[in-house]
1. Given points 7 Å out from each Cα along the Cα-Cβ axis, report the S142 to L116 separation in nanometres with one decimal.
2. What residues of the stretch 134-156 lie in the reach of a label at Q78, counting those whose backbone N is under 16 Å from a point 7 Å from the Cα along Cα→Cβ?
3. Looking at the stretch 59-194, send over the antiparallel percent of its DSSP beta bridges, to the nearest 5.
4. Can you grab the distance from the C-alpha centre of the stretch 89-147 to the C-alpha centre of the stretch 161-176, Å, no decimals?
5. Quick check: from the Cα gyration tensor, does the stretch 119-171 come out rounded (a/c under 1.5), prolate or oblate?
6. What FRET efficiency, computed as 1/(1 + (r/R0)^6) with R0 = 25 Å and r the Cβ-Cβ distance, is obtained for D123 and L183, rounded to the nearest 0.05?
7. First check a/c for the stretch 105-194, with a ≥ b ≥ c the square roots of the eigenvalues of its C-alpha gyration tensor; if it is under 1.5, answer rounded, and if not, answer prolate when a/b is larger than b/c or oblate otherwise.
8. Want the number for K99 to K58: 0.36 nm per residue separation, take away the alpha-carbon distance, what's left?
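Bear in mind these aren't lab numbers, they're just calculated from the coordinates by the rules spelled out. This is a predicted model, so every value here is computed, not measured. Cβ sites come from the backbone with ideal geometry, for glycine too, and all protein chains shown count toward neighbours.
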Amino acid sequence: MNRMKGKWICIGILIGAFVVSSVWGAMHIFEVGKVDPVDGQVSLPTESAVPQPYGEEKDIRITLYFGDETASHLVPEQRNIKVTNEKDLPKLVMDELIKGPKTTNGIAVVDKDTKLNSVKRTDNVAVVDFGDNFEALNTGGSSRERLCLYAIVNSLTELDNIDKVKLSVNGKILDLFGQMELLEPLVKNNDIIG
């Protein structure tokens, strides 16, 4: 009878271990991948879609856009920045854009006193949230507004997994910026690059 009881205990332990490992595995799949509801296949994100964990600092080359000398086009400027977590990259790009150009080829088109609250990315759309001063500091003529908007959009869409950009002020999505309507998320504008 004791042998029979011992067998049942062993079987119970094995079943318990199997259940725990199955639940952990399912949770892990839902954390890092998506299950297609139609065929049940798991699609794991590409390496670039998975944010790197904190730890080792990496040098990342980014492309920022600033106004040209005539204030009619944008010019690219590349620079290296240090990143410890890939998910912070969009905010770091915006921080660098607000700092202004480091070369003499470009002119700042986003005012250096602009307050940046956050940059969040969802489904390839970045939402850039500014403080109260964004519109007051960066509007004043359609040419200036256009350069400011597309300096932001073009700089962020240079990053992997960002195709569109929305702007907000203190969490409220902007549908108008100066004279420009922002009814849809903005996409990269290659025509403005000089």
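1. It is 2.9 nm.
2. Only 155 pass the distance filter.
3. On the way: 22 of 29 bridges.
The answer is about 75 percent antiparallel.
4. Cα centroid to Cα centroid, the span is 11 Å.
5. Numbers: a/c = 3.22, a/b = 1.45, b/c = 2.22.
Oblate, because a/c is 1.5 or more while a/b does not exceed b/c.
6. Numbers: r = 18 Å, r/R0 = 0.73.
Calculated value: 0.85.
7. Numbers: a/c = 1.42, a/b = 1.07, b/c = 1.32.
Judged from the Cα gyration tensor, the stretch 105-194 comes out rounded (a/c under 1.5).
8. Stretched out fully, the K99 to K58 stretch lengthens by 12.7 nm.
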